[in-house]
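The values are calculated or read from the model by the stated rules, or taken from the named source; none is laboratory data. The shown structure was predicted, so the numbers you read here are calculated from the model rather than taken from an experiment. Backbone-built Cβ (ideal geometry, glycine too); neighbour counts: all protein chains shown. With ligands, DNA and RNA removed, areas are computed over all heavy atoms of the protein, side chains included. Shrake-Rupley method; radii C 1.70, N 1.55, O 1.52, S 1.80 Å.
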Amino acid sequence: MVEDIVLPKAYSLRYAYKNDDAFVFSLFCSARTELSLLPLPPQQRELLVQQQYRLQQASYAAQYPQAVTLIIEYQSISIGKIILNPSVNGVHIVDFVIAPQFRGYGYGSVILDSVKAYAQAKEASVSLSVDRQNMRAKQLYLRLGFLPFEISPTQEWLSWPSP
């Protein structure tokens, strides 16, 4: 699958390995900043963050056993990760995080456009969910043509092309 996603020259996707764990954990922390604000002693807060990370990873593995975790690189520097779950009808983006220092420069748009092109070549769709409070990510997805198809109190599910 990763071999079929065409990216601009400076970009690459590679499968995540065990030695990527610290980077992937740092991405989790950057996306869950509310956990660092909890009024807990530092050791207890760190333990909670690690527990939440492990629970997220276990949940993804249980819900999406066919998913692949890919590290996003730009000029051979790891800048993010994307978890893709391919299916007969399309590709579901399980998780997508760009490291904070690389946000706002268009890297995410390039990756999402490449995933959309991959899906379009397969005559398939791309779906994802976004936390309703994550307005920056939601604006990105809407700008790239994703449209909501389901809304809960905490999440919005979006699809491209829209159903």
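Observations
- Selected residue [touching a Lys or Arg at 6+ places or on another chain (Cβ under 7 Å) and either without any contact (Cβ under 8 Å) to a residue 24 or more places away in the chain or open to solvent by less than 30 Å² (accessible area, probe 1.4 Å) (or both)] from Val24, Val2, Val94: Val24
- Some residue of segment 92-115 being of a type outside the set (Asp, Glu) and farther than 20 Å from Tyr11 by Cα: yes
- Considering segment 1-39, the residues that are modelled with pLDDT of 90 or more, in contact with a strand residue (DSSP E or B) (Cβ under 9 Å, 6 or more places away or on another chain) and among the hydroxyl-bearing types (Ser, Thr, Tyr) include one that is farthest from Ile111 (Cα to Cα), namely Tyr17.
- Scanning segment 105-118 turns up no residue that is surrounded by fewer than 16 Cβ atoms within 10 Å (Cβ to Cβ) and closer than 19 Å to Tyr60 by Cα.
- Residue check, Ile111 in contact (Cβ under 8 Å) with a residue 60 or more places away in the chain, in contact with a Leu (Cβ under 7 Å, 6 or more places away or on another chain) and of a type in the set (A, V, I, L, M): no
- Selection count where residues are within 16 Å of the chain's Cα centre (by Cα), closer than 13 Å to Pro161 by Cα and modelled with pLDDT under 95, scope segment 126-151: 0
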